[in-house]
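Here is the structure we will look at.
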């Protein structure tokens with residue numbers, strides 16, 4: 001628990017032997033100057049309310065490529081356990097598939113109007129394109 005930790009991920013993955021889906025905790029630590037993975041089986045995926053998540057514990061500097069660790073395994077495990085107790089709700093930006101389809105078509109229509117310079121006027125406002 002006191003080892004430097006690069007990150008912690010909880011994901012739903014196919015179990016060995018293809019016997020259903022299970023929740024796994026993947027802990028990435030630094031060993032011999034490289035990132036090593038520890039995988040822990042948390043049980044059947046159905047029993048978890050929390051969404052899959054990733055908690056960063058360190059960063060890679062772009063200029064040098066050096067890994068800087070900010071947290072220990074114990075700290076990230078504690079954060080993960082708290083996420084199980086109080087799951088994070090999805091933000092309002094998440095849309096259903098039908099909403100995404102409608103938003104895509106609206107986007108395409110607005111791009112066409114911009115290209116052609118078509119303006120829109122109405123009681124709630126105007127969109128003047130040039």
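Results, tabulated for the structure shown:
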read-out: Tally of residues being touching a strand residue (DSSP E or B) at 6+ places or on another chain (Cβ under 8 Å) and closer than 20 Å to residue 49 by Cβ across the stretch 61-92; value: 6
read-out: Check on residue 41, more than 16 Å from residue 83 (Cα to Cα) and surrounded by 11 or more Cβ atoms within 10 Å (Cβ to Cβ); value: yes
read-out: Those residues of the stretch 1-47 which are part of a strand (DSSP E or B) and in contact (Cβ under 8 Å) with a residue 60 or more places away in the chain, in sequence order; value: 4, 5, 6, 7, 8, 10
read-out: Strands (runs of 3 or more DSSP E) contained entirely in the stretch 52-130, each with at least 3 residues that are at pLDDT below 85; value: 120-122, 125-127
read-out: Condition met for residue 24 (modelled with pLDDT of 90 or more, loosely packed, with under 13 Cβ neighbours inside 10 Å, under 18 Å from residue 81 (Cα atoms) and assigned by TED's automatic domain parsing to the domain that holds residue 73); value: no
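The values are calculated or read from the model by the stated rules, or taken from the named source; none is laboratory data. Since the model is a prediction, treat every value here as computed from it, not as a measurement. Cβ coordinates were reconstructed from backbone atoms using ideal geometry, including for glycine residues, and neighbour counts include every protein chain displayed.
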